[in-house]
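What follows is a short report on a single structure.
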């Protein structure tokens with residue numbers, strides 16, 4: 001991603017936005033009201049697709065980190081940066097959506113539930129890696145170190161999840177199209193594809209921006225003053 | 001053999017800078033004192049949270065220890081000189097990590113009497129607590145040494161190390177606090193074993209993974 005023409009990514013984002021509008025309209029106005037939670041349940045149509053795609057983006061960043069360390073190639077570093085940024089944004093969005101759902105359902109904005117806490121830890125862990133990228137000037141060191149840190153942070157995710165799960169658990173069973181009734185799963189599926197297309201478009205464009213910035217960093221610096229033109233007119237009265 | 005030489009160098013450096021260990025101990029001790037001010041003079045509440053305070057103190061102190069471990073290698077490009085020696089980067093990593101682990105274990109052992117005095121905590125199983133401190137210190141030092149190697153060469157190193165390390169060691173903090181708390185306050189359901197097992201799993205994964213990745217961090 002990122003090496004292709006940006007038009008592809010704009011197209012994917014537009015397609016994703018279209019799917020999201022369609023799925024959200026279905027979820028808000030056509031899908032039936034849930035018996036126990038009422039209208040609050042409708043946040044599931046954006047919350048669950050965001051969760052799937054957040055994990056997908058971070059998994060992709062892990063793949064990019066492995067690919068950079070094994071194969072090299074700046075495109076993997078650009079994709080790593082893009083996937084981490086989009087993954088963090090989705091994780092943060094997930095925490096906000098979870099809090100909006102938790103207040104009327106659990107009576108609190110935040111609870112130390114394994115999935116919620118793991119997401120918060122992920123936001124901080126991967127934000128730390130992005131901060132590291134900002135404070136390293138050498139592009140080679142920046143790429144290698146962020147790949148290493150990304151692998152270590154990603155491997156830590158299941159351990160964080162299980163440790164918090166043993167510590168405290170309140171979250172309901174994970175929602176998938178198999179665990180929800182048929183009138184509910186169509187908007188869920190449509191929005192999942194909408195967020196997926198949006199995510200691919202965002203990662204592609206961000207990766208392109210990272211690539212262009214890298215080109216600027218790796219390009220030889222411009223001379224301090226322009227070189228003398230080859231056919232400069234001779235100064236009048238100059239030495240022969 | 002290379003590992004032993006690297007470890008010997010690290011321990012010798014630590015021995016020659018004993019004042020640094022003392023300063024870090026004072027930092028940890030003052031953290032324990034400040035935590036008790038935050039909770040108030042309620043002795044039962046202090047006893048209840050003693051394990052958390054001990055591990056927070058140790059975690060905060062660990063950033064100083066870890067950052068310091070690579071400080072000397074940055075002076076006059078000593079790290080490059082070390083890498084030119086016929087010793088692998090992994091030997092260098094494990095030498096530093098074991099040295100940091102020793103330092104953090106000693107710090108944890110030093111903070112226990114202070115915890116007993118300040119928070120009036122009982123100490124029914126001191127050797128089991130020593131085991132938890134050793135396992136927890138190992139969990140802090142393995143990723144901490146790897147991250148210290150990176151941040152010591154970056155700008156804003158004081159900010160970056162805790163920023164990278166703290167979210168990563170959440171499982172260490174959770175399991176070490178739980179295990180310590182159960183050892184201090186009693187363990188009627190026999191849960192300590194599971195928490196220690198989780199801690200050991202974290203240690204095994206991070207000691208092998210970070211050692212494997214270290215040569216990529218220091219190579220130019």
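Values quoted throughout were computed directly from the atomic coordinates according to the rules given, and no laboratory measurement underlies them. None of these values were measured; they are calculated from a predicted model. Backbone-built Cβ (ideal geometry, glycine too); neighbour counts: all protein chains shown.
Here are a few things to note about the model shown:
- Helix-only arithmetic for the protein assembly as shown: the sum of -39500 (n - 2.57) across DSSP H runs with n ≥ 4, divided by the residue total, places the mean residue ellipticity at 222 nm at -27500 deg cm²/dmol.
- Counting only other chain Cβ atoms within 10 Å of each residue's Cβ, the peptide A:142-148 averages 5.
- Remark: spin-label model distance residue A:8-residue A:66 equals 2.3 nm, labels positioned 7 Å along the Cα→Cβ axis.
- Protection proxy ranking of B:188-194, B:43-49, B:105-111, by the mean of other Cβ atoms within 10 Å over each peptide's residues and highest first, is B:105-111, B:43-49, B:188-194.
- P(r) tail, region B:29-133: Cα-Cα pairs separated by more than 23 Å, 42% of all pairs.
- The Cα center of region B:184-220 and the Cα center of region A:7-56 differ in position by 39 Å.
- Projecting label points 7 angstrom from Cα along Cα→Cβ for residue B:158 and residue B:39 puts them 2.9 nm apart.
- Virtual spin-label span in nm between residue A:34 and residue B:125, 7 Å along Cα→Cβ: 4.1
- Inter-chain shielding of B:208-219 (mean C-beta neighbours from other protein chains, 10 Å cut-off): 3
- With distances taken between every two different alpha-carbon atoms, region A:1-154 has a Kirkwood hydrodynamic radius of 17.3 Å.
- Three-way shape label, region A:111-162, alpha-carbon gyration tensor, a/c 1.5: oblate
- With q set to 0.15, 0.24, 0.26 Å⁻¹, the log10 of I(q)/I(0) for region B:94-165, from the Debye formula over equal scatterers at the Cα positions, is -0.60, -1.01, -1.09.
- Between region B:124-145 and region B:1-56, the alpha-carbon center distance in angstrom: 12
- Residue among B:72, B:36, B:152 with the largest mean-square fluctuation in a Gaussian network model of chain B, springs linking Cα atoms under 10 Å: B:72
- Tensor-based shape of chain B (alpha-carbon gyration tensor, a/c under 1.5 rounded, otherwise prolate or oblate): prolate
- Peptide B:142-152 is shielded by partner chain Cβ atoms: per residue, an average of 3 of them sit within 10 Å of its Cβ.
- A straight line joining the Cα centroids of region B:78-114 and region A:88-160 runs 29 Å.
- Dividing the convex hull volume of the alpha-carbon atoms in region A:78-172 by its residue count gives 89 Å³ per residue.
- Modelled FRET efficiency - R0 22 Å, residue B:185 with residue B:18, Cβ distances, 0.05 increments: 0.05
- Highest average packing first - A:136-143, A:183-190, B:172-179, Cβ atoms within 10 Å: B:172-179, A:183-190, A:136-143
- P(r) tail for the protein assembly as shown: Cα pairs beyond 37 Å make up 38% of the total.
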